[in-house]
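Enquirer: I have a structure here, written as structure tokens, and I will follow up with some questions on it.
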Amino acid sequence: EEAYQRQVQNSVNPFVLTPGLNQTRMPTTMATRTIAMSGDCGRNISSIDCLTFEPVLYRGVEDVTIDMSGVTFIHPVALVGFLCLVEKLSELGKKIYVDLPDPASEVTQYLGNVRFLEALRLVEEIKATDEVIAALMPRLTTIVPIQRFSTEPEVEAIAQRIETEMSAMGGLMPPCHTIIAELASNVIQHSGLGRGWIMVQRYGYRTGGIIE
């Protein structure tokens, strides 16, 4: 642990993933800001308000800690919001620390299954212990893991994959392919950023399946 702390302190890398239970807590000063995610994150909009980017909140801030250690369940909308926030902070040159849930928790296993680590690496180079890397390795195949898109062919390929996967799992109404492709295309054309993130998850309930 001491060797890892020295590695973090000597690194110029702006993104550091730490093991669960807040083992690398930043001191609270005017130059730091902590964002807390907790509970059933993404169940409703208010639970992800903390992920809204407000430029005024980051003026003069050098280090940002995103505390996920209290998350007990996380929905796709929260993961996509998290990545959008991290991407913006990275563009501003902030050093980002992420406190993950306990490596043995179901939430951390889920993050591995949806390729959370791979998505983060699209945004920034990462520093993490072997324990964290191992905990975030995928064990299952999800419908569409977190991925970034920036071109129309990428959008079409993603929409086609969703239709194929859904058909194999019980069917998807044909208009859904068009709706997904149109929503993603609107992000590219109208957001002003020219890129977006997508993830698709299917939940199985007694009353039937739900796609999120």
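The values are calculated or read from the model by the stated rules, or taken from the named source; none is laboratory data. These numbers were taken from a predicted model, which means no experiment stands behind them. Please note: Cβ atoms are built from the backbone with ideal geometry, for glycine as well, and neighbour counts cover all protein chains shown. Just so you know, the surface numbers come from the protein's heavy atoms only, side chains and all, with ligands and any DNA or RNA stripped out. Shrake-Rupley method; radii C 1.70, N 1.55, O 1.52, S 1.80 Å.
Enquirer: I'd like to know if the stretch 97-105 contains one or more residues that are part of a loop (DSSP other than H, G, I, E, B), under 14 Å from the mean Cα position of the chain (by Cα), over 28 Å from G194 (Cβ atoms) and not hydrophobic (A, V, I, L, M, F, W, C).
Expert: yes
Enquirer: Starting from residues that are without any contact (Cβ under 8 Å) to a residue 60 or more places away in the chain and among the β-branched types (V, I, T), keep the ones in the stretch 144-163 and report whichever is most open to solvent (accessible area, probe 1.4 Å).
Expert: Once the filter is applied, the top-ranked residue is T151.
Enquirer: Now for a separate question. For P138, indicate whether it is open to solvent by less than 60 Å² (accessible area, probe 1.4 Å) and over 19 Å from M199 (Cα atoms). Even if it seems obvious, please write down each step before you answer.
Expert: Values: open to solvent by less than 60 Å² (accessible area, probe 1.4 Å): yes; over 19 Å from M199 (Cα atoms): no.
Spelling it out, it is not the case that P138 is open to solvent by less than 60 Å² (accessible area, probe 1.4 Å) and over 19 Å from M199 (Cα atoms).
Enquirer: Does the stretch 121-133 include one or more residues that are touching a Phe, Trp or Tyr at 6+ places or on another chain (Cβ under 7 Å), touching a residue at least 12 places away in the same chain (Cβ under 8 Å) and open to solvent by less than 20 Å² (accessible area, probe 1.4 Å)?
Expert: Taking every residue of the stretch 121-133 in turn, none turns out to be touching a Phe, Trp or Tyr at 6+ places or on another chain (Cβ under 7 Å), touching a residue at least 12 places away in the same chain (Cβ under 8 Å) and open to solvent by less than 20 Å² (accessible area, probe 1.4 Å).
Enquirer: Report, by residue number, each residue of the stretch 84-99 that is in contact with a strand residue (DSSP E or B) (Cβ under 8 Å, 6 or more places away or on another chain), open to solvent by 30 Å² or more (accessible area, probe 1.4 Å) and hydrophobic (A, V, I, L, M, F, W, C).
Expert: Listed by number, the list holds a single entry, C84.
Enquirer: If I filter the stretch 8-25 for residues that are open to solvent by 70 Å² or more (accessible area, probe 1.4 Å), under 22 Å from V123 (Cα atoms), at pLDDT below 65 and part of a helix (DSSP H, G or I), do I get at least one hit?
Expert: Yes, the stretch 8-25 contains a residue that is open to solvent by 70 Å² or more (accessible area, probe 1.4 Å), under 22 Å from V123 (Cα atoms), at pLDDT below 65 and part of a helix (DSSP H, G or I).
Enquirer: Let me ask you something else. Cβ contacts < 7 Å: first residue touching a residue at least 60 places away in the same chain (Cβ under 8 Å), restricted to the stretch 95-108; second residue assigned to a loop (DSSP other than H, G, I, E, B) and open to solvent by 10 Å² or more (accessible area, probe 1.4 Å), any location; separation 6+ or different chain. Result?
Expert: Hits for this filter: K95/P14; K95/E62; I96/P14; Y97/T24; Y97/M26; D99/N22; D102/L21; T108/D102.
Enquirer: Separate question: Just checking, how many residues over the stretch 100-113 are closer than 19 Å to R148 by Cβ and surrounded by fewer than 23 Cβ atoms within 10 Å (Cβ to Cβ)?
Expert: Going through the stretch 100-113, the residues closer than 19 Å to R148 by Cβ turn out to be 111-113.
After this cut, where a residue has to be surrounded by fewer than 23 Cβ atoms within 10 Å (Cβ to Cβ) as well, the list is 112-113.
Final tally of qualifying residues: 2.
Enquirer: Please enumerate the residues belonging to the stretch 40-73 that are closer than 24 Å to I211 by Cβ, assigned to a helix (DSSP H, G or I) and open to solvent by less than 70 Å² (accessible area, probe 1.4 Å).
Expert: Residues satisfying the conditions are S47, I48, L51.
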